[in-house]
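Student: Encoded as structure tokens, here's the structure I'll be asking about.
The values are calculated or read from the model by the stated rules, or taken from the named source; none is laboratory data. Source: prediction; values computed, not measured. Every residue, glycine as well, gets a Cβ built from its backbone with ideal geometry; the counts of neighbours run over all protein chains shown. To get the accessible areas, we keep the full protein, side chains included, count just its heavy atoms, and leave off ligands, DNA and RNA. Shrake-Rupley method; radii C 1.70, N 1.55, O 1.52, S 1.80 Å.
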Amino acid sequence: MRDIISTLCILIFMMGSLFFGGKFLTREVAYYQKDSRAHSAQSVPAAPLAPAAASRRAPSTAGLAHTKLVSIPASVYNGIKSNPAYKQYLSGNKKYVVQIMNPTCPYARALRTRVWQLLRDEYGDYYDEGVIKVRGAVSLSCNGAENCPTFWIFDHCSGLCLINPTTRQAVVYSSRETQPVEAILERFKNW
């Protein structure tokens with residue numbers, strides 16, 4: 001019995017040593033890799049910087065309820081050739097506020113009105129507006145593409161979305177509430 005307890009204690013000790021030693025070793029390796037990159041960066045001439053828009057980090061959606069930042073898949077851009085509908089929202093240098101709406105829906109109309117006011121008053125320099133009006137059932141097609149702008153936009157922008165073509169990202173807002181829209185536009189205006 002004593003041998004079993006001793007063996008278990010040794011095994012626990014060894015597993016703990018491996019676990020904590022592994023953490024220490026991982027941290028040390030990461031430190032030395034970072035340190036060696038810093039030293040090699042000093043001896044090698046710096047590469048030219050990418051454009052500011054590409055290197056700029058997207059703001060966080062923290063604190064913005066019903067809001068998330070998503071990447072637009074490459075397959076959507078690859079599908080533009082075979083299905084160019086709505087491609088204007090995915091290209092260019094200006095961000096778009098895109099909303100798919102049924103004009104008879106009071107929530108969609110209220111959201112549309114709020115966005116329209118904000119873009120006319122203070123955010124028109126930062127965003128262009130895209131409204132896709134639908135009535136009843138909609139049939140979508142990608143003409144054989146794996147994904148395309150039509151599928152992606154209808155899947156993500158049924159509430160409201162901000163699309164940034166230069167970063168190939170979108171901020172998706174999925175609520176009926178109109179009040180948070182100004183905070184979203186403000187936070188992402190320089191994104």
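Student: Relative to the present Cα-Cα distance, how much length would full extension add between H66 and K81 at 0.36 nm per residue of separation? Write out the running numbers ahead of the final one.
Tutor: On the way: separation 15, 0.36 × 15 = 5.40 nm, distance 3.23 nm.
So the extension gain works out to 2.2 nm.
Student: Under 8 Å for C-alpha pairs, at least 6 residues apart: give me the relative contact order for segment 67-191, rounded to a whole percent.
Tutor: 41
Student: In Å², and per residue, what accessible area does segment 137-191 have when probed at 1.4 Å with the other protein chains present?
Tutor: That works out to 47 Å² per residue.
Student: Step through the residues of segment 152-162 one at a time and calculate ³J(HN,Hα) from phi using the Karplus curve (6.51 cos²θ - 1.76 cosθ + 1.60, θ = phi - 60°), rounding each to whole Hz and writing x for Gly and Pro.
Tutor: Per-residue couplings from phi come out as 5, 5, 5, 6, 9, 10, 5, x, 6, 9, 9 Hz.
Student: In square angstrom, rounded to the nearest 10, how much accessible surface does R176 have for a 1.4 Å probe?
Tutor: In the full protein context, R176 sits at about 150 Å².
Student: Run the quick spin-label model on V138 and E182: label points 7 Å from Cα toward the beta carbon, then report their separation in nm to one decimal.
Tutor: Here the answer is 2.9 nm between the modelled labels.
Student: Say R0 is 35 Å: what FRET efficiency, to the nearest 0.05, do S174 and N93 get from their beta-carbon distance?
Tutor: Values: r = 26 Å, r/R0 = 0.76.
Efficiency computed from Cβ-Cβ geometry: 0.85.
Student: Oh, and also: Dividing the Cα radius of gyration by the Kirkwood radius, what Rg/Rh value follows for segment 65-191? Don't skip to the end; give the middle numbers.
Tutor: Details: Rg = 14.0 Å, Rh = 14.8 Å.
Using only Cα positions, Rg/Rh for segment 65-191 is 0.95.
Student: Something else about it: Mind checking segment 95-162 for trypsin sites (Lys or Arg not before Pro) that DSSP puts in a loop (not H, G, I, E or B) and that have at most 14 other Cβ atoms within 10 Å? Don't skip to the end; give the middle numbers.
Tutor: Working: sites: K95, R109, R112, R114, R120, K133, R135; in loops: R135.
Those that pass, being in a loop and sparsely packed, are R135.
Student: With a cut-off of at most 16 other beta carbons within 10 Å, and DSSP calling the residue loop, which GluC sites (Glu not before Pro) in segment 102-191 qualify? Please list them. The partial results should precede the final answer.
Tutor: Numbers: sites: E122, E129, E146, E177, E182, E186; in loops: E146, E177.
Passing both the DSSP loop test and the Cβ count: E146, E177.
Student: If a/c stays under 1.5 just call it rounded; otherwise compare a/b with b/c (prolate if a/b is bigger, oblate if not). Do that for segment 143-185, with a ≥ b ≥ c from the square roots of the Cα gyration tensor eigenvalues. Each step should come with its number before you reach the end.
Tutor: Details: a/c = 4.75, a/b = 1.81, b/c = 2.63.
Because a/c hits 1.5 or more and a/b fails to exceed b/c, segment 143-185 counts as oblate.
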